[in-house]
Each structure stands twice: as C-alpha cells, then as structure tokens.
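The values are calculated or read from the model by the stated rules, or taken from the named source; none is laboratory data. For clarity, every value in this text was computed on a predicted model and none was experimentally measured. Glycine also receives a Cβ, built like all others from the backbone with ideal geometry; neighbour counts cover every protein chain displayed.
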Amino acid sequence: MDRSTFLILMSGTAVGIVLGAGVAAWAQNAVAENAVAGDAVTAEEPTVLDVVTVSATRQDTAEDRMPASVTILPPERISPAALDPGAEIMRQSPTGNFVDLSRAGEAYATMRGVASLGSPLNSLDNTVGFSVDGVPSSLAGFAPVLMDVQQVEVLHGPQGTAFGRNAMAGGINVVTMPADGFAESRIDLETGSDGYSLVQAMTAGWLMADVLAGRAVVRWQNYDGDISNVITGGTEGGVELGAGRASLRFTPDETLTIDITGGYSRDERDNPAYLLYETPDFPVSASDTESYGRREIGHGTLTIEKVLEDLTLTAITGLQNIDIQNDGDFSDTLLYSSYLGLPPILDFVPEALFTNPDQDKIATGETERIFFQEFRANAPDGAGLQWVVGANYFRSDYEIHRDMQTLLFAVLNGTVDNDIDSETWAGFADVTIPLFESWSLSGGIRIAHDSQHLVGRFRGNGYPGTEDSFDQDGEFSDDYVTGRIALARQWGERVMTYASVAWGYASGGFERLTPYAAEGAESVPFRPARAETVEIGAKLGLLDWLRLDLGLFHNDVTDGQLASFDPDTIQIFFANQDYRSYGFEASLLAEPVRGLTFRAGAGFTETRQGETTADSAAAGAAKGNKVPMVPTWTVNLALDYRMPLGFAGLPGAFVVGADYQYVGSRQTDAANSAKLDPYTIVNARAGWQGEHLGFYAFGRDMLDSRPISFAAPFRDGVTGVYVGRGRMVGLGMNVKW
C-alpha cells in the first residue's frame, strides 16, 4: 500500500467514525430525554431506516445491497426555491460539483474528479449521465425544472452498462411520482426577497377505478435578480419559469402497466456572464444591454411493462424537443477596461468601445430533438439469479445558429449555422450471481456503436482577416465496450463490503461552434475518452436507525477532452489529455428518533494530469496539474425534524430543516492559472404543518456566499466569473386535501 492510498484510507475512516459517533451519541441522549418526558418514542421503540429501491441500473435493487456508491435524495432535499436543481443535487453528492456557464442549456456536472477539461464541446460531451425515469437527455436538457419528484438517484463511478456513453464519472436518474391512483391535491405558495414568488398546484387520483389513474402538476416562479448593473441601472440574475407535467397509468390487468407522461417547461433568465471578480463592489455587471437566456423543453414518454411468469418485459419510448436562445453583450465594461489596461473608472472608458448597445453582441439559437427507444427483459422479482438484458437506440438532431458581431476579435464575427446528427445503437446485459452463502458476483457489459455527422456553414460579416464563407462536412464513428465487474460479501444483515472495476466511455465527435471556420479551416473531430475505475467500499448498518457508507476510488482517464482559449485572441484550442483521480466518499443516514433525520456526506478528490502532447501543452495542460473545476473537498450536512404538538394539546406538528453545503477550492482551467476560493451554502426552514394547511419561513444561502460556478483568467488580476444568486428569505404556505 503506497502513501497516498494509506492517507486516503485513514482520512475516509476518520470521517466515518467522527460522523457516526457524533450522531450516535446525540441520538442516545435524545431518546433518553424523550423517554423521561413521556414522549411516544422511547428507548423500547427504536426507529428503523426504510430500504430505498434504486431503478437507475435497469433493475430494481435495494440500495444497501448495491456494490456501488449511491446517493439518494428524497424530494424535500430538492427545494423549488433553490432555482438551480442541478446545483442542489451535486452539492449534496460527495465529490460532486455543478458548473454553470450562466447561459441557458450550458451547465454540467463533475464527480470524483472526472470532468470536462474546460467547457463541453457539444451537447453530448458530458461525463455525468442524466436521465428522467430512465430516459436519457443531453447537456442541453441537463438539470431541467424538477416537479413531483419521488427521489433523485446519484450513482458514483462509471455507469456504462445502464447509461451508456458519457457517464464515465457517474449517472443521475430522477424518479418522478407515478400515477398510482392515490387521491391527493395540493397548492403551494411562496414569496420572498428580490421579487421571488412561486405558485404550484398538483392533483392526482383515479380517473377510472382500478384501471386508469392520472396525475398533473403545474408551476410558475419568478425572481427579479440581485446583481446591479452599473450601466443600465437595473438588476440582472432574474428568473421566470413556467412548467407543467401530466401522467396517465393504464392497468387493464395485474400483469400489464402502460404509463404515458408528457410535460413542458419554459425557463427564462438574464444571468450576466464574465463579471470582473476583482472589482471592489463585486458582483456588479457592466453590460450595456440585459443578457437573455431562454430554454424550452417539451417531452413525452411511453412505458409499457408486461409481467410474465419467468420474466418482465419493458419497452420505453422517449421524445424531447429542446429550444434554446441566448443573447448577450460580450464585452462587460469593467472586465475589458481592466483587461486592456484602461482606467477602471467608467467615465473615462470610451463609450463607443464598450457601451454601444449595437456592438459586441452574440445571439445564439439552438434546437435539439432527441428520440430514445429501449427494449429489455428482467428476471422476476425475488429470483435467486437477478439479470437484465436489452437493447436501445438514441438519436440527437442538433442545430445551432450563432450571429456574432464584435470589435475586438476576428473569430467572434460572422454567422454560424451548424447541424450535428448523432446516433447510438447499443445492446447491454447485467447479472448478479449468488456465490456460496454470503458472496455474490455481478457484472455488466454494453456493446455500442456511435456515429456523428456535421454540416457546418460559416458566413462572414466583412471583419478584416476573416473568410467570406466556409462550409464543411464531416463524419465520425466508433465502436466500443463498457461495463463493470464487482465482488461483494454480505456480513449478516447489516454489513456489506465490495470491490469493483468499471470501464467508462465519453464519445468523440465535433465541436458545435466550429471556431476555425472564420479562418477557413475545418474542425477535426475530437477523440473519445475512456476511463477505468477501481473501487472498494463498505455499507455498514451500525444500528437499525444508523447507516454509514464508505468508498475508496481510483480513476485512470485516457484522452480526456480538453478545450481552452487564449484571452488575447479568443483562439480556441482542442486536445486530448490523460489524467487520473483518486479519493474517498463517506455518507451517513440516521433517524435516531421518529421524525428526526440526519444526513451527512464528505468527499475528498485529488487529481493529476499525465504526460502532455504538443497539442495539449498548447492548450495549457501540464503534467502534475489538477483537473479544472474539481473541488478537493466537499461536505454536506442536512437535518430534518418533525415534532407532533399533540403533547401540548395543539394540532399539527412543528417542522424544521437546515442544511450545510461546502465546496472546496477548484482550479479554473487546465493550466491552473487561478484557484477559486471555497464557498459554503447554509439553508434553513421552519414552520407548522397541519393535516390540510401549513406555514413556514425559509432562507436560502443565509451566509450570502454567492458561489462562483465558472471562471476564466484573462490575465493576472483580471478574472471573468459566473456567479450565483445571494441570500434569499421568504415565507410559504401549502393547502392539501
């Protein structure tokens, strides 16, 4: 065992022991106090943690029996007031990070140090897969409006068998509430600072008794923004969204289930990009026009399940239509005056250079149509040998229109019209084989074929040094195999240990903007990336009400996809770069007394770039550098408590919740030009909940941390960043019947 592995093991063990011992001691005191006070929960009535079933692997599996690291988030952990569900998910997943580029459809996740080395190159260039009810989406549809969620499943490590390509860091599956006939209706209202408001309504029940069930939910939200604009005098960072989702379940008999789901969302934001981090009044925007971003997603899913005597057959058909518009001012006055060495006082900056609303503008429109079809067969529930075998087809038709007009850089002028059509055919299988009395061997494999076709069209606008027009037509295809193998041992009912090896894949293809077209040069396809992950872990049911999960991992990534740019010329570089990452994850779940739930997680990740090539060195990579936008440490703590007030002769219950999320320092780029400071998010909620009515107060980002999600160093002391919203406080109520 080398020194690094030893340190990782000792650190992970220490975190687990500290978390477990602390909660256990606190819980024992709480139970004793409740018993003395005559509370209904006594030492003779311990709580027992529920067993959570995970469906993301195409097999319904108890989470505590899965030989993998998994984070399960219940719906109360994804607050609508957060407005950024992707960030909420990743900050509560050990070793996870959410990177938001402040433009609609441009956000991605990192996990365990496996990440894009720069910004994603097209809508399919991600390392963390994302799906809703088993239907995959792309980066253009990542982190949509989440409504009526049953749970969010975050699987750590390569998920090539179930998710396929571009899930070599992990996978996220959102499970929505099914239309199961349970009758309920609910209205939620919230109002808060900076113009925040929410209206949401949901209803569900039988449409035809025991045959046809329905469920529907609608939401509207608004937020005015909290970033001052020193040029226009207004504020930026606002959000307005509307969304709806409806589902039907048809069950003509006990063996056949047909689910039909459809939904639509429209999310509009005016998030500013590239704010000057070093300005004394940060964050302020100095854009001469308000940025605008809009994403509309329409989706539909048909799922048919037939239960036979010896197997279960499932067919899933999914359709998505994603429409995105981003309009913005490229040259923030504060940023570019500092970058070019001009006086930082706005009155001395030539108005025609930075504050002309007709100059330095980029408008981008994107559409993506996604079709997904899967057929699979599963072993019957409870069978000694659990298996799944299937095949699926994924198609993405992506189009982008980009109109650029700037004074500063030649490559940011002209019009780009590109089409990228992508297809993936795949077959997969996964099996778990019992060995002896307490051992099991499991493994999965996926064999797939990718193809991608680019049609690129560039038209110049007369800017000196650029082409009048340039067209290109390119093809890329690849065959590959991903999979995993794991050996697990069950030590009684409460303890399981496992070791696994998994292989992941991130597809190659074409960069969506074809930035060399203005110079009359074709964009060559970037190579696919591959990852090999070794993991050992343990799932420890320390008590009926306390569970601790620990995992150690090591990733070797070959040909990680690297993108960078030269701020002096905005020249973009593409290359492939090897890197590795290693670390540990620890998570704890405790319910020491009925109504009280405590969650904790910690992750440590160390990354190192490997040997460079001439291309990757030109793009800023260097042996020994860290992978960008990967936090060294992540920590999350969450407490939810519900205390019935019957002992005081009052109806309902007092409810309180709080969570703490820490994201450690991250490097900004492959060259490690700058390091982002750690940040901490603290949220809280308290109120009263009755059978039909509830009231509460809430606070988001109580420390006003303003997380920085992405940064680009232009030169020493001049950094352009994308910043999140600050503190929000408000009141809410709900009505249920």
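Summary table below
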{"item": "All positions within region 284-311 that are buried (at least 18 other Cβ atoms within 10 Å of the Cβ) and within 26 Å of Val389 (Cβ to Cβ)", "result": "Thr301, Thr303"}
{"item": "Among (1) closer than 30 Å to Glu511 by Cβ; (2) of a type in the set (A, V, I, L, M, F, W, C); (3) surrounded by fewer than 22 Cβ atoms within 10 Å (Cβ to Cβ) - the single one Ala621 does not satisfy", "result": "(3)"}
{"item": "Some residue of region 201-212 being surrounded by 15 or more Cβ atoms within 10 Å (Cβ to Cβ), touching a residue at least 40 places away in the same chain (Cβ under 8 Å) and among the acidic types (Asp, Glu)", "result": "no"}
{"item": "From Glu511, Glu519, residue being exposed (fewer than 15 other Cβ atoms within 10 Å of the Cβ) and at pLDDT below 95", "result": "Glu519"}
{"item": "Hits in region 659-697 - residues which are surrounded by fewer than 20 Cβ atoms within 10 Å (Cβ to Cβ), out of contact with any Phe, Trp or Tyr (no Cβ under 9 Å at 6 or more places or on another chain) and farther than 24 Å from Ala621 by Cβ", "result": "Tyr660, Gly690, Glu691, Leu693, Ala697"}
{"item": "Residue ID - modelled with the lowest pLDDT, chosen from residues in region 312-355 that are buried (at least 17 other Cβ atoms within 10 Å of the Cβ), among the aliphatic types (A, V, I, L, M) and not in a strand (DSSP E or B)", "result": "Val349"}
{"item": "Qualifying residue in region 465-483 (condition: aliphatic (A, V, I, L, M) and in a loop (DSSP other than H, G, I, E, B))", "result": "no"}
{"item": "Qualifying residue in region 570-582 (condition: touching a Pro at 6+ places or on another chain (Cβ under 6 Å), within 30 Å of Arg527 (Cα to Cα) and in a strand (DSSP E or B))", "result": "yes"}
{"item": "Test: residue in region 623-637 that is free of Cβ contacts under 8 Å to residues at least 40 places away in the same chain, of a type in the set (Lys, Arg) and not in a loop (DSSP other than H, G, I, E, B)", "result": "no"}
{"item": "Subset tally (residues that are under 24 Å from the mean Cα position of the chain (by Cα) and at pLDDT below 85) for region 564-591", "result": "1"}
{"item": "Out of Asp194, Asp210, sole residue that is closer than 29 Å to Asp329 by Cα and of a type in the set (Asp, Glu)", "result": "Asp194"}
{"item": "Any hit, region 705-716, residues being surrounded by fewer than 17 Cβ atoms within 10 Å (Cβ to Cβ), closer than 30 Å to Ala618 by Cβ and among the charged types (D, E, K, R)", "result": "yes"}
{"item": "Identity of the residue in region 445-463, surrounded by 15 or more Cβ atoms within 10 Å (Cβ to Cβ) and not in a strand (DSSP E or B), that ends up modelled with the highest pLDDT", "result": "Gly460"}
{"item": "Test: residue in region 69-82 that is crowded, with 23+ Cβ neighbours inside 10 Å, of a type in the set (A, V, I, L, M, F, W, C) and within 17 Å of the chain's Cα centre (by Cα)", "result": "yes"}
{"item": "Leading residue by the ranking (nearest to Ser337 (Cα to Cα)) among those in region 222-271 that are outside any strand (DSSP E or B) and touching a Gly at 6+ places or on another chain (Cβ under 7 Å)", "result": "Asn271"}
{"item": "Among residues of region 119-138, those that are in contact with a Leu (Cβ under 6 Å, 6 or more places away or on another chain) and on the phi > 0 side of the Ramachandran plot, counted", "result": "0"}
{"item": "Restricting region 55-94 to residues that are farther than 26 Å from Ile445 by Cβ and β-branched (Val, Ile, Thr), the residue that is modelled with the highest pLDDT", "result": "Ile89"}
{"item": "Residue match in region 642-658 (condition: under 19 Å from Ala82 (Cβ atoms), surrounded by fewer than 18 Cβ atoms within 10 Å (Cβ to Cβ) and at pLDDT 95 or above)", "result": "yes"}
